[in-house]
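In what follows, a structure is listed as structure tokens, so that the remarks can point back to it.
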Amino acid sequence: MKQMEKQLFQTTVMTFNKDRITSERPDGTRLSPWGTVHLLTYLVILIDLESGKLLPDQPIRFSDEAAKEFSAARSTQGRVGEIRLLRDVLNQAVSLNAPDCIFALFEVYGGLKGTLRRINEYWNVSNYSRRTPTGRKKYPQRSNFYDYYKIGEYFLDLKEETFSFIKNKDHIIHGKLYKAQSSLDERNDVLASIFWGTHQNDCLSFYKEKEQLTCSLVINGKNYLHTAGLAMKSSDHSLEPAVKVESKGTFEQCLEENFEGYFLNKKIAENIVVDHTVCDQSSIVRENWKNVAYISFSAESFKAMLTRSKRDFHGNELISKYKIAENISIIITDEPIPYLKDKIPQFIVPNSFAFAYEYAAYRMSTYQGKFCTITGSAGKSSTRLMLAHLLSDSGESFGNFGNANLHYSAFSLSLEINNQYDFILLEAAVGAMNRLGYGNSAYLWQSDVAIVTSFGSAHALSGIEGNLRVKEHLFLGVRENGYVVLNKDIEEQYLNKFIKRAESLNLNILYSSLTDTTADCYLLEKNVLRDKTEIRVAFRGREISFCLSIDSDGQIQNAMSSLLALEAMGHHAEDYAQLFESYESFERILRPLELTFDSKNVTVVDDTHNSSIESMINGIEHFTSKKPFYRGKKILVLGEVADLGNDAVKHHKRLIPYINESKPDHIILYGAPFKELSLDIEPVSWCETKEEVAELVIKESSEDSLVFVKGSHGIGFHDVIEMLKKAEMV
């Protein structure tokens, strides 16, 4: 077994209750070769039994698929059309790890497809842990340790009496005795246990500890006795020392020692120099990277990460298509490229996608620098860019390109983690932490600190509560005893859930706030000027002053979070605060443009990088604070916030008090949700097209006007800015 396999598939144990993890968390990425569908099936059935949607004595018919498992290991030899009661089939599936009974349970939801739809409703568990219905091994199926942890947490939400349905029992079926796979349930304190794997290598065991329901999760045990002993903390069954993988030797040696595969042409594999690692051409083309290790995905693997992709060719073809062969120092692929055999070293692996996941875990396990991860409804990119700016004289940093923060891009960025960078700064949208491929990208990360910039209605189309459940799982990628920086101004109902998750993982919490004086960093004073704002904050018992030229309240909040993150990474905030004044964000974030319309000099503030209700509120308040510094008309231009679904009007109505308070001389609105707003100010203009918006801005502007333009990238509201720039040149 190669070194990375030894590390990834090492025996791992963790205990937890509903409130917190009660043992140390594993150091690094840990995987099991077994699946999760069977566990999720047991879970939804138990939930539906509790709610009364299912009845324990309802009949279950063994399907053709179930009967095909007649000769499989641990099968109870169910026959096509055979009828058993749900309570019996469920207990047999768990007690015996019986594949025919697992398939029979799918009939509760109309078959396997119906069961998958049911379990997909609630649980954000990796797709690559669900490649076999019974959870059996299937390459390249791998289940992350934290997927099992999530499932165990959901089991702990069940009523205590519900566990009686899965308490391990012996069964007599067709006159034959089938012994329960676990004897743990004979102990008075054990309510139930679920074992799986050929040798019962993995388990979730539920028992009472100090009167609190607790779960022991074990993966990759040697056998039942070893796994059971670890679950019950038996001193006779200790863990082996952690397997450490070191970054040493040549790149050729790194591959051969750590990963399964072989060189297509060993003669040209010496002295390989690798400065960057990618799984597509984009970084090579955009950044002109040289000495690149190129991991080439099949079409199937690519679609595992980008499900809507129509790409039907192997990534090998991108090399010639984009003419990037000279930039590549080695190709890692599961399909050899004959015409490059003597030109570029090729390391041939069983599956490029599985290799990429292992390689990203390897990079992370050998990384020596400081790592910060960032999420939130608004402010992710600004906070990341602030940190990169503050740290620019302290070392080399690496982070997202633009605002590429969804699943495929976050996974791709993970491949680039290496020790040429002193700081890794990664922002992660909710899409980076979904179940595509091997699941949540945070599973691969071991950050020193995670920041939550804000949380609210952004992307309500996918459900605010569901969004929160996913975003809080960024904390799973924070090191043991690491830090979480929370914006304490987040609505209490949401903030409390972030706090609960951080506490459950035994992480240290630092708070920032514009108003709460109990926070670790809070605003003492701000002095708004035309071109900047002078800021004074209380910071963990000290006072720090700085200036921001990108200076909305949201940006002040981001600055405070950045200072707390710096402290969490071992720096003194005072040494960096003066650098804020020279900070510039993305081109379309609060960017003032001096334009001239019909000889009238006008300041247009471009805030069209993107938009959420939270950032819209920040933007309107920014406009209000800057009004006194302009003699001309003050014009507020708002485009609708995208991705709010059926609740768009409700969320846009939250803007009403902020718009009324801003008292613009003219407000220009674009987007259907704004039609429903009843405002106390005049005049209000609603435009059908972005062209109308731009024309009205030019018409209404006067000498020294302030025009604030805010809207979503998703509706292309930046087009208004481009029209205004063109109008100036006419």
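The values are calculated or read from the model by the stated rules, or taken from the named source; none is laboratory data. All figures in this text were calculated on a predicted structure; none of them were measured in a lab. A quick note on method: Cβ atoms are made from the backbone with ideal geometry, for glycine too, and the neighbour counts reach across all protein chains shown. These accessible areas exclude ligands, DNA and RNA; they are computed on the full protein's heavy atoms, side chains included. Shrake-Rupley method; radii C 1.70, N 1.55, O 1.52, S 1.80 Å.
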Find how many whole Å separate the alpha carbon centroid of the range 13-90 from the alpha carbon centroid of the range 462-529. 35 Å
Taking loop as defined by DSSP and a crowding limit of 14 other beta carbons within 10 Å, which chymotrypsin sites (Phe, Trp or Tyr not before Pro) in the range 117-219 fit? TYR122
Report relative contact order for the chain in percent, whole number only (criteria: Cα-Cα under 8 Å, sequence separation at least 6). 9 percent
Within the chain, helix-based [θ] at 222 nm, where runs of 4 or more DSSP H residues each add -39,500 (n - 2.57), nearest 500: -8500 deg cm²/dmol
Just the number, please: carbon plus sulfur as a percent of the accessible area of the range 81-194, 1.4 Å probe, no ligands or DNA/RNA counted. 50 percent
Kindly express, to the nearest 10 degrees and within the range 0 to 90, the angle between helix 380-390's C-alpha long axis and the longest C-alpha principal axis of the chain. 70 degrees
Starting from the Cα of LYS248, draw a straight line to each of the lysines and keep only those under 28 Å, dropping any in the same chain fewer than 8 residues away. LYS2, LYS6, LYS266, LYS267, LYS290, LYS341, LYS343, LYS370
Just the number please: accessible area per residue for the range 145-260, 1.4 Å probe, all protein chains included, in Å². 47 Å²
Structure shown: which of LYS159/LYS650; LYS626/LYS699; LYS532/LYS710 lie over 28 Å apart, alpha-carbon to alpha-carbon? LYS159/LYS650
Please turn the phi angles of the range 358-365 into ³J(HN,Hα) values with the Karplus equation 6.51 cos²θ - 1.76 cosθ + 1.60 (θ = phi - 60°), one per residue in order, whole Hz, x for glycine and proline. 5, 5, 4, 5, 4, 4, 5, 5
Give me the number: length gained by fully extending SER51 to ILE509, i.e. 0.36 nm times residue separation minus the C-alpha to C-alpha distance, one decimal in nm. 161.3 nm
Amide H of LEU593: which non-local residues (sequence gap of 5 or more, or other chain) have their own amide H closer than 5 Å, using H built in the peptide plane? VAL604, VAL605, ASP606
Name the chymotrypsin sites (Phe, Trp or Tyr not before Pro) in the range 242-344 that are in a loop by DSSP and that have at most 14 other C-beta atoms within 10 Å, would you? PHE313, TYR322
Using 24 Å as the Cα-Cα cut-off, could you pick out the over-long pairs in LYS53/LYS137; LYS138/LYS303; LYS113/LYS137? LYS53/LYS137
Computed over the range 70-131, the relative contact order (Cα-Cα under 8 Å, seq sep at least six) in percent reads 25 percent
Among the GluC sites (Glu not before Pro) within the range 569-598, which fall in a DSSP loop and have no more than 15 other Cβ atoms within 10 Å of their own Cβ? GLU584, GLU587
In percent, how large is the relative contact order of the range 310-462, given Cα pairs closer than 8 Å and 6 or more residues apart? 27 percent
Between the range 280-333 and the range 375-412, how many Å separate their Cα centres? 23 Å
Cα gyration tensor of the range 533-616 diagonalised, 5x eigenvalues square-rooted, in angstrom largest first, produces semi-axes 30, 14, 11
Backbone HN-Hα couplings from phi across the range 192-201 [Karplus 6.51/-1.76/1.60, Hz, Gly and Pro as x]: 6, 8, 10, 10, 8, x, 3, 10, 6, 6
Backbone HN-Hα couplings from phi across the range 128-144 [Karplus 6.51/-1.76/1.60, Hz, Gly and Pro as x]: 6, 9, 10, 8, 10, x, 8, x, 5, 4, 7, 5, x, 4, 9, 10, 6
Given the peptides 182-188, 225-231, 518-524, arrange them by the average over their residues of other C-beta atoms within 10 Å, most packed first. 225-231, 518-524, 182-188
Shape of the range 561-663, Cα gyration tensor, a/c cut at 1.5: oblate
One finds the C-alpha centres of the range 591-666 and the range 137-199 to be spaced, in Å, by 56 Å
Would you pull out the residues with amide H under 5 Å of TRP686's amide H, same chain only if 5 or more places away, H placed 1.01 Å from N? LEU669
Taking amide H atoms as placed 1.01 Å from N in the peptide plane, list the residues 5 or more away in sequence, or in a different chain, whose amide H sits under 5 Å from that of LEU191. PHE206, TYR207, LYS208
So which aspartates and glutamates pass the test for LYS726, namely a Cα distance under 15 Å, with those fewer than 8 places away in the same chain ruled out? GLU594, ASP598, ASP606, GLU691, GLU692, GLU695
With Cα coordinates, the longest principal axis of the chain makes an angle with the long axis of helix 718-729, in degrees rounded to 10, of 30 degrees
Using Cα positions and a limit of under 13 Å, work out the aspartates and glutamates in reach of LYS321, with same-chain residues fewer than 8 apart set aside. ASP280
